[in-house]
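Student: Here you go, one structure.
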Amino acid sequence: MNSRFGYMKIVYFLLSLSVTLIVIVLLSLGFGKAPPFGKFLSPQHGFWQNAEPATQQYSGDLNISSIGHSTEIYFDDRLVPHIFAQDESDAFFAQGYLHAKFRLWQMEFQTLVAAGRLTEVLGAGPDSAFLNNDRSMRRMGMVYGAKRSLAEMEKDETTKKQLTAYTNGVNYYIENLTQAELPLEYKLLNYMPEKWSPLKTALLLKYLSFDLTGSESDVEYTNAKAFFTEEEFKKLYPLWHESSSPVIPPGTYFPPPFDSIFPPPSADSLYFKWKHAVNVETIKTDQDNGSNNWVAGGSKTLSGRPILCNDPHLGLNLPSLWFEVQITTSAYSVYGASLPGAPPVVIGFNDNIAWGVTNASRDVLDFYSITFNGNDKSQYLLNNEWKKAELIIETYRMKDGSAFTDTVAYTVFGPVMYDDRFNGKGRVGADINLAVRWMAHEPSNELKALCDLNRAKNYNDYAESIKYFSCPGQNFAFASKTGDIAIWQQGTFPEKWKMQGDFIMPGTDTSYKWKSFIPQQENPHILNPERGFVSSANQVPADTSYPYYLGGDYDVYRGLQINRMLEIMSGITPEDMQRMQNENFNAFAEAAVSYLIQHVKFEALTDDEKTYHELIRTWNRRNDNDLSGPTIFLNWYEEFEKMIWNDELAKQPGASKVPQSATLIEALKRDNTFPFIDDINTPEKETIEDIATKSFQKACVTLALAEKNGKLSWGRFKDTGIRHLLRMEPLSRLHLNIGGGRNVINATQQYKGPSWKMIVQLTDETEAYGIYPGGQNGNAGSRHYDEFVSDWADGKYYRLWHMKKNESADKRVTSILKFSPSFFK
Amino acid sequence: MKFFISILVTGLLAFACGLYLPWWSVAVASFIVASLIYQSPLRSFLTGFCAIMLLWFVLILMINAANDNILAERISLVMGMGGSYMLVILSCAIGAVVGGLGALTGSLLRKVM
């Protein structure tokens with residue numbers, strides 16, 4: 001009896017033990033999208049630990065072996081760290097530490113995207129979307145380019161030291177991170193951070209290149225060229241817009257080119273008249289990734305000193321792309337917006353100068369059509385001979401542990417991005433093999449440009465430092481306390497014959513390669529122009545007197561409006577500049593609305609339609625949030641544009657590109673009988689009046705619905721939001737009721753817009769303002785997570801505090817973090 | 001009395017374990033206490049259940065009050081729940097079950113001995 005009871009006791013115990021273990025294991029595993037519940041909900045380990053007290057302090061004393069001297073970090077009331085270090089190495093160590101402390105998940109996630117490793121944390125995704133994104137990144141040579149640039153950076157002793165210090169700072173934080181402190185997103189997705197490396201910083205910089213140079217339309221133009229006549233093509237995609245107001249004032253003298261290049265003799269037959277549509281969906285970034293910058297010189301300001309303004313328009317995300325920081329060493333003191341994942345300050349000012357950047361929007365990414373010998377892609381035709389391709393096997397690890405492998409062939413032009421294994425959407429039959437030639441493949445050291453710029457004292461230092469900035473090409477606006485103002489369109493740009501690379505080029509002939517690069521000195525630039533200001537807004541850099549081919553994909557109206565305003569402004573104050581950055585006047589609407597209204601057949605409209613007609617007729621052409629005019633205009637123009645282009649474009653095989661809005665309005669104003677007006681799908685011949693009226697009526701249907709839902713006012717209709725990087729709504733700030741939009745200086749669209757707004761007046765005591773739609777702490781459990789969003793939406797600014805060492809007792813200092821050198825490892 | 005003392009000791013030990021060990025250490029704590037302070041299996045289960053539930057409830061309440069409910073609100077929406085109170089209930093329930101099972105196992109081990 002006893003032994004049987006004893007036996008049963010053991011069974012009960014083992015049973016209970018097994019159940020307990022199974023429950024623990026199940027609660028430690030994540031299923032599908034769900035996080036592991038036990039681990040995630042434990043108050044001592046899970047997400048509760050990320051719920052920071054509202055009064056959280058960030059003070060501390062750390063002994064660190066890899067720094068040289070004591071370093072102090074003063075956090076102000078907005079959680080901006082003011083780093084005071086003896087030398088740059090200690091300062092960058094601190095910056096790396098701070099980026100990691102407040103933005104670790106984001107900076108690593110962005111480098112995973114760049115490295116094509118998204119599947120490791122998210123899986124292949126719906127319809128293999130994440131896998132396709134990863135394949136696009138690797139196949140376009142992102143990692144290849146990053147590795148080459150890293151080698152270039154590490155050749156430079158100073159850059160290498162800077163990168164090492166920064167990396168050490170990030171890794172010091174990661175190594176001392178506990179499960180409880182792990183950023184929320186790691187807990188949600190159930191994975192752990194890797195150690196940081198200089199390659200990750202290089203990848204982040206390459207990702208920026210992709211974001212800013214990845215909007216080219218070579219495939220779409222090739223398809224259009226294959227279908228339309230040459231004359232039609234020129235009408236659809238002209239190389240110049242009359243409304244353009246170039247970065248460099250027209251009339252500026254350009255020296256003759258250092259050399260003239262011409263298309264290869266075969267170009268006429270193999271390139272221009274090559275009629276072949278392409279079944280490829282290229283991955284591309286939004287063409288609206290634009291920016292504004294301008295500087296009013298002393299002659300135009302009230303203080304007599306320059307005022308520099310910059311607002312880069314990028315995707316609006318939480319955690320924000322930017323992190324505000326002050327870096328002060330014994331040699332210099334700089335303040336501005338930094339990119340988590342890289343030292344130092346990207347856009348900012350120091351004791352002597354200020355600078356800001358906008359995208360140059362030049363085409364530095366071209367495709368070549370490759371002919372392989374057989375299916376294994378080991379040989380390709382080049383100058384009538386078979387040349388060996390380098391085959392790289394790419395392995396993609398999935399979240400569930402499985403793997404996907406892919407082979408990429410590298411040619412003299414670059415990696416073959418699209419082929420029979422991949423057309424951007426997955427696997428397709430053989431159609432065309434496209435090798436990509438991209439400026440970001442070239443080794444370059446942009447970090448050196450930025451680090452030197454951070455410590456620049458005058459125009460010469462600025463001009464010298466930016467020379468190292470190769471890709472993505474940027475318009476660097478500059479102002480100094482000595483009163484100099486300048487702008488350089490800086491980057492390494494291939495010298496191209498007219499229309500070289502606008503279409504897919506023959507990849508069987510080396511004479512189509514980029515031959516040389518435009519000498520840096522010949523990049524468009526101007527110092528202290530007569531008109532008293534410099535500006536850029538992604539428009540064409542110079543007029544047709546610039547001796548090199550520039551292509552035609554440039555923004556038109558923002559630059560026009562900025563230049564018009566600066567032209568007439570005088571006695572400018574920083575407050576005027578704040579108003580100007582928030583300016584909602586729509587120069588495109590100014591050009592288009594009267595024309596459209598003039599051609600509507602008013603008598604054909606119903607009473608309801610006439611109400612909307614009256615609203616847009618009396619609209620002041622401003623994209624203010626409470627007006628209905630911008631909503632009516634947007635919907636009307638969209639329908640109008642579709643009716644003009646879509647009938648023709650729908651007949652064109654392959655991906656197509658809707659022509660720019662400036663193209664259409666300029667063409668119609670020149671010629672009321674523009675051939676594309678007619679709807680080719682109907683027997684009758686439509687006039688501009690027919691199309692204007694029909695499109696208005698069609699828009700009215702959408703407008704009536706919007707009105708019914710209380711979304712007729714522009715701010716409600718546009719519905720701006722700052723989305724979490726994982727697109728999780730509860731971690732986002734959506735439905736912000738604000739004005740602005742495309743073609744407007746205040747370029748706030750639904751999910752992109754001014755990601756960092758900065759105004760710097762270079763008086764003896766610098767007067768600077770700035771704001772970004774986010775908060776310094778990337779932790780959604782912190783009150784600093786989205787702290788600035790409401791003020792940003794209201795168009796407000798913060799006075800930026802360029803702290804001095806003797807101000808450590810200032811009441812704005814809320815926490816002090818000290819790093820002391822330690823001799824013990 | 002034994003019941004309340006066990007709850008108190010389990011709670012304290014689980015808290016201490018939680019500072020250094022993974023989240024499931026609450027099961028270890030209730031297992032140890034249940035095998036040292038003998039109670040019937042059912043009473044032990046209830047001890048572990050209540051101890052961890054109360055511990056987590058108190059910790060969560062303190063964290064959440066200091067945080068002004070910012071994160072709990074967001075996470076409850078991420079997880080598709082009606083409100084942050086449901087997240088509190090779910091968290092405490094998970095802790096309670098794991099704690100209870102740990103204690104039950106501890107008590108049954110004691111019976112074997």
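Student: Could you compute the FRET efficiency for A:Asn460 and A:Met8, with r as their C-beta to C-beta distance and R0 at 60 Å, rounded to 0.05?
Tutor: Rounded to the nearest 0.05, the efficiency is 0.10.
Student: Now for a separate question. Starting from the Cα of A:Trp386, step 7 Å along the direction of its Cβ; do the same at B:Lys2; then give the gap between the two resulting points in nm.
Tutor: Distance between label points: 8.7 nm.
Student: Now for a different question. Would you tally the net charge around A:Lys457, using a Cβ to Cβ cut-off of less than 14 Å, leaving A:Lys457 out, and scoring K and R as +1, D and E as -1?
Tutor: Once all neighbours under 14 Å are counted, the net charge is -3.
Student: I would also like to ask the following. How high is the FRET efficiency between A:Ser65 and B:Leu12 when r is their beta carbon distance and R₀ equals 30 Å, given to the nearest 0.05?
Tutor: Calculated value: 0.25.
Student: Let me ask another. With a 1.4 Å probe and every protein chain kept in, tell me what percent of the accessible surface of chain A is carbon plus sulfur.
Tutor: Summing carbon and sulfur atoms, their accessible area is 52 percent of the total for chain A.
Student: Note down the net charge around B:Ser44, summing +1 for each Lys or Arg and -1 for each Asp or Glu among other residues with Cβ under 13 Å from its Cβ.
Tutor: Net charge around B:Ser44: +4.
Student: Further, regarding this structure: Between A:Lys155 and A:Asp77, what FRET efficiency follows from the Cβ-Cβ distance if R0 is 41 Å, with the result rounded to 0.05?
Tutor: After rounding to 0.05, the efficiency reads 0.45.
Student: Mind jotting down the distance between the C-alpha centroids of the range A:626-672 and the range A:113-136, whole Å?
Tutor: 34 Å
Student: Quick check: pseudo-label points 7 Å beyond the Cα along Cα→Cβ at A:Arg670 and A:Asn806, how many nm apart are they?
Tutor: 6.4 nm
Student: Quick check on my link table: of A:Lys284/A:Lys457; A:Lys200/A:Lys818; A:Lys718/A:Lys757; A:Lys101/A:Lys155, which ones sit more than 32 Å apart, alpha carbon to alpha carbon?
Tutor: A:Lys284/A:Lys457
Student: Something else about it: With a sphere of radius 9 Å drawn around the Cβ of A:Met505, what net charge do the other residues whose Cβ falls strictly inside it have (Lys, Arg +1; Asp, Glu -1)?
Tutor: -1
Student: Which stretch or stretches of the range A:525-545 have amide N atoms under 16 Å from the point lying 7 Å from A:Ser570's Cα along the Cα→Cβ direction?
Tutor: From the range A:525-545, the list is A:530-533.
Student: Right, another one. For a quick check of your reading of the filter: which chymotrypsin sites (Phe, Trp or Tyr not before Pro) in the range A:1-83 sit in a DSSP loop and have no more than 14 other Cβ atoms within 10 Å?
Tutor: Hits after loop and neighbour filter: A:Phe31.
Student: I've got another one for you. Need one number: nm distance between label points at A:Asp764 and A:Asp351, each 7 Å from Cα along Cα→Cβ, rounded to one decimal.
Tutor: The two pseudo-label positions are separated by 1.5 nm.
Student: Could you work out the relative contact order of chain A, using alpha carbon pairs under 8 angstrom and six or more residues apart, expressed as a whole percent?
Tutor: Relative contact order comes out at 20 percent.
Student: Could you state how much accessible area is buried at the B-A interface, both sides summed, with a 1.4 Å probe, in Å² to the nearest 100?
Tutor: 3300 Å²
Student: Per residue, how much accessible area does the protein assembly as shown have with a 1.4 Å probe, in Å²?
Tutor: That works out to 39 Å² for each residue.
Student: Also, I was wondering about something else. I'd like the distance between the alpha-carbon centres of the range A:757-791 and the range A:248-280, rounded to an integer number of Å.
Tutor: Rounded to whole Å, the Cα centres lie 44 Å apart.
Student: Please report how far the C-alpha centroid of the range A:329-390 lies from that of the range A:519-570, rounded to the nearest whole angstrom.
Tutor: With the range A:329-390 and the range A:519-570 each reduced to a Cα centre, they are spaced 23 Å.
Student: Here is a further query. Residues in the range A:385-400, backbone N under 16 Å from the label point at A:His276 (7 Å along the Cα-to-beta-carbon vector): list them, ranges by number please.
Tutor: What the label zone holds, given the 16 Å backbone N cut-off, is A:385.
Student: Here's something else I'd like to know. State whether the range A:53-187 is rounded, prolate or oblate according to the following rule on the C-alpha gyration tensor (a ≥ b ≥ c being the square roots of its eigenvalues): a/c under 1.5 gives rounded; otherwise a/b larger than b/c gives prolate, and the remaining case gives oblate.
Tutor: oblate
The values are calculated or read from the model by the stated rules, or taken from the named source; none is laboratory data. As the structure is a computational prediction, the values presented were derived from the model and not from experiment. Reconstructed Cβ throughout: ideal geometry from the backbone, glycine too, with neighbour counts over all protein chains shown. Quick note on the areas: whole protein, heavy atoms, side chains included, nothing else; ligands and nucleic acids left out. Shrake-Rupley method; radii C 1.70, N 1.55, O 1.52, S 1.80 Å.
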